[in-house]
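Take a look at the structure set out below.
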Amino acid sequence: MKFMKNICLLLFGVLLILSSCGPNYILDEKKEIPNQQWSYTDSLSFTAEILDTNKIYNLFLDVEHLTEYSYQNMYIRLHSIFPDGKRVTEQVSVELMDQIGRWQGDCNSDDCDFRMTIHEGAFFNQTGKHTFLLEQFMRKNPLEGIQSIAFRIEDTGVSRN
């Protein structure tokens, strides 16, 4: 009888895990920064295959940094390269601290994980491979204290039409 109860609990747990809803990422990739020093020459490339131009997406940037990081923010250049070769570049300020100097994100005594929404409700006009190239754009080279950068594209499940 106890054996059957354990089997039922195990099956219930597996079903619960399989049925739980979470974000639907079409891109979820993390790049480690060697020696926690991000150089100008160390651009990070992320590629996603876009199959449907009607879908709405959210784009996120996750930054893992040391609590010894010397700045309130971090500037990056984000290059979006479309399947037809067109490139759009924008400067993004990643605000790692709030206005009173507290780290944002999930922090412990050594490091912090911070998620920033880059674009919410975005859509792509072309199907195919889209590449996102990230460059650190601070006055300090190399930029010390950055451990990793992750780029995520979430399919919201919503369409434009």
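The set of residues in region 92-102 that are open to solvent by less than 60 Å² (accessible area, probe 1.4 Å) and farther than 26 Å from Thr53 by Cβ comprises Ser93, Val94, Leu96, Met97, Asp98, Gly101.
Of the residues making up region 30-41, just one is within 27 Å of Phe124 (Cα to Cα) and open to solvent by 60 Å² or more (accessible area, probe 1.4 Å), namely Lys30. State yes or no: is Phe151 surrounded by 15 or more Cβ atoms within 10 Å (Cβ to Cβ), touching a residue at least 60 places away in the same chain (Cβ under 8 Å) and outside any strand (DSSP E or B)? Answer is no for this residue. Among the residues of region 74-91, are any loosely packed, with under 12 Cβ neighbours inside 10 Å and under 21 Å from Gln36 (Cβ atoms)? Checked region 74-91: no residue is loosely packed, with under 12 Cβ neighbours inside 10 Å and under 21 Å from Gln36 (Cβ atoms). When we screen Glu120, Glu135 for residues that are touching a residue at least 60 places away in the same chain (Cβ under 8 Å) and open to solvent by 70 Å² or more (accessible area, probe 1.4 Å), the only hit is Glu120. There is no residue in region 55-67 that is open to solvent by 50 Å² or more (accessible area, probe 1.4 Å), modelled with pLDDT under 95 and either under 26 Å from Lys129 (Cβ atoms) or not β-branched (Val, Ile, Thr) (or both). Filter region 18-56 for residues that are part of a strand (DSSP E or B) and either among the basic types (Lys, Arg) or on the phi > 0 side of the Ramachandran plot (or both) and give the result. Once the filter is applied, which keeps residues that are part of a strand (DSSP E or B) and either among the basic types (Lys, Arg) or on the phi > 0 side of the Ramachandran plot (or both), region 18-56 yields Lys30, Lys31, Lys55.
The values are calculated or read from the model by the stated rules, or taken from the named source; none is laboratory data. It should be emphasised that the depicted structure is a prediction, and the values quoted were computed from it without experimental measurement. Here the Cβ is made from the backbone with ideal geometry for all residues, glycine too, and neighbour counts use every protein chain on show. Surface areas here come from the heavy atoms of the whole protein model, side chains and all, with no ligands, DNA or RNA. Shrake-Rupley method; radii C 1.70, N 1.55, O 1.52, S 1.80 Å.
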